Amino acid sequence: MYSPGLEGVVVKETRICHIDVENSKIYYRGYDLEELAARSTFEEVAFLLWRGRLPGRSELEELKSELRRGRRPPKHVEYLVRAAPPSAEPIDVLRTAVSAMAWGEDLSDKSPEAELRRGLKIAAAMPYVVAAFDRARRGLEPLDPAEAESHAEYYLWALRGERPSGREARAMDVMLIIYAEHSMNNSAFTAVAVASTLADMYAAVTAAIASLKGPLHGGANVDAARMIEEIGDARRVESWVDEQLAKGRRIPGFGHRIYKKGPDPRLKVLRELAKELAAERGDFRWVEIAERLEEYATAKLAAKGVYANTDLYAAVIFRYLGLPVDVNLPTFAVSRVVGWIAHVLEYRQANRLIRPTERYVGPVGLKYIPLEERG
Ligand SMILES: CC(C)(COP(=O)(O)OP(=O)(O)OC[C@H]1O[C@@H](n2cnc3c(N)ncnc32)[C@H](O)[C@@H]1OP(=O)(O)O)[C@@H](O)C(=O)NCCC(=O)NCCS
């Protein structure tokens, strides 16, 4: 069977995430994502995705304190992050840092407990790594706001150097929940493909970050942020979109391999969140651009099965939260790492080396001509 882009190919059975395209619903372990976004926390969702059930109170506390304890990465990783040139892309620094977290650790134990422990270590340290690099390139010392209660609060605080408001911390928490998992996307598949060789969790997550970087995947959230900045005013949306399409370019934050009949179900939550943040700041400029874009570009592209995706409003939300544009992408990784870990653990339960095949369409039997006769 030949399926370009592996479209429609089932690589594993899963209990992690169900996307009900018909009814525009996403479920994490059977729970409606909209309800999780409204009522739970990132830490609770991490437990749910990893363990398959919601945590009890003490289990949640334990996970939270494990994440808190792991916030500072090993010393050599701190040095590495601070040695990166300011021109480095934050996603590349994060990828290298996660890879280096493997250094010095005995990786022979590949049991689910050992791999989850590694996953937790990576997830816990990611906010510090991203924030420390962003501050270092601005000539600032890293921060470790140890008293920050949640992962989301810690991340925002470490990045910005000031305690976020309750609404801001909650907005980041919702972003981390929404981005945490989305079935067999390219980075999840990459993590699983690497893990299927029995390479360790550090290797799988490093590869997944590399996959996330591409503009057809996570990189679109940076492109969407740049687009919104470039447009600058909702009144310019139409002319900007027309110009891009006339040049044959794609509009970032639009289109999805799965959602061809309607918008991404997560959009509703994100649109509302963007509006709430706009109201808190008394600055509606960015959300107005996104809404106008959603309306106008959808009218132009829906016939091709192209609708707005999460990156459109994520760009607006991260802007209101004060993130530098290129930090949007590692922020996606700070969240999605939870899903990658869940997929690796699930796949390993019935591991089989991923090794697809291809159809050879080139020539055979060519006559070898010695170099000196080739001219
Ligand atoms: C995500 C994406 C790669 C999905 O691609 P896909 O399922 O392979 O869809 P295709 O590339 O087959 O696109 C189908 C048609 O829609 C068009 N299209 C897809 N996304 C588009 C976009 N964002 N803007 C304009 N046109 C788009 C394609 O050009 C193609 O048109 P054609 O048939 O005239 O050639 C694609 O929509 C995209 O590049 N989006 C922009 C980047 C982005 O936001 N990525 C984040 C995804 S979560």
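Which of these, ALA278, ALA38, ALA102, has the largest mean-square fluctuation under a Gaussian network model of the chain (Cα springs below 10 Å)? Checking each option, the largest mean-square fluctuation is seen for ALA38.
Backbone geometry of region 176-191 corresponds, through the Karplus equation with coefficients 6.51, -1.76 and 1.60 at θ = phi - 60°, to 3J(HN,Hα) couplings of 5, 5, 5, 7, 4, 7, 7, 6, 7, 6, 4, 6, 5, 5, 4, 4 Hz, x marking Gly and Pro. 3J(HN,Hα) along region 295-302: 5, 6, 5, 5, 4, 7, 10, 4 Hz, from the Karplus curve 6.51 cos²θ - 1.76 cosθ + 1.60 with θ = phi - 60°, whole Hz, x for Gly and Pro. Annotation: amide H of HIS256 within the under-5 Å range of TYR307, sequence separation 5 or more or interchain, hydrogens built in the peptide plane. Taking amide H as placed 1.01 Å from N in the peptide plane, the amide H of CYS17 sits under 5 Å from that of ARG29, each at least 5 places away or on another chain.
Taking trypsin sites (Lys or Arg not before Pro) across region 131-204, the ones in a DSSP loop with at most 13 further Cβ atoms lying within 10 angstrom of their Cβ are ARG138. Excluding the site residues themselves, the longest part of the chain lacking any chymotrypsin sites (Phe, Trp or Tyr not before Pro) in a DSSP loop with at most 12 other Cβ atoms within 10 Å is 104-359. Using a Gaussian network model of the chain whose springs link C-alpha atoms within less than 10 Å, name the residue from PRO90, PRO164, PRO363 with the highest mean-square fluctuation. The residue that fluctuates most here is PRO363. Here the contact order of the chain, divided by its residue count and restricted to Cα pairs under 8 Å and six or more residues apart, works out to 21 percent.
Evaluating 6.51 cos²θ - 1.76 cosθ + 1.60 at θ = phi - 60° for every residue in region 333-345, the Karplus couplings come out as 5, 4, 8, 5, 3, 4, x, 4, 4, 4, 5, 4, 5 Hz, glycine and proline recorded as x. Helical runs (DSSP H, four residues minimum) scored at -39500 (n - 2.57) apiece and divided by the length of the chain put the mean residue ellipticity at 222 nm at -17500 deg cm²/dmol. Pairs exceeding 32 Å between alpha-carbon atoms, taken from LYS213/LYS260; LYS75/LYS213; LYS110/LYS261; LYS213/LYS275; LYS12/LYS64: LYS110/LYS261. The region of the chain that goes longest without hitting one of the GluC sites (Glu not before Pro) in a DSSP loop, each with at most 15 other Cβ atoms within 10 Å, is 163-357.
Within the shell defined by Cβ-Cβ distances under 15 Å, the residues around ALA191 carry a net charge of +3, with Lys and Arg each +1 and Asp and Glu each -1.
Placing one equal scatterer on every Cα of the chain and applying the Debye formula, the log10 ratio I(q)/I(0) at q = 0.07, 0.09, 0.11, 0.15 Å⁻¹ is -0.32, -0.53, -0.77, -1.39.
Coordinate-derived values only; no laboratory data. The model shown is predicted, which means the values in this text are computed figures rather than measured ones. Positions of Cβ are generated from backbone atoms using ideal geometry, with glycine treated the same way; all protein chains shown enter the neighbour counts.
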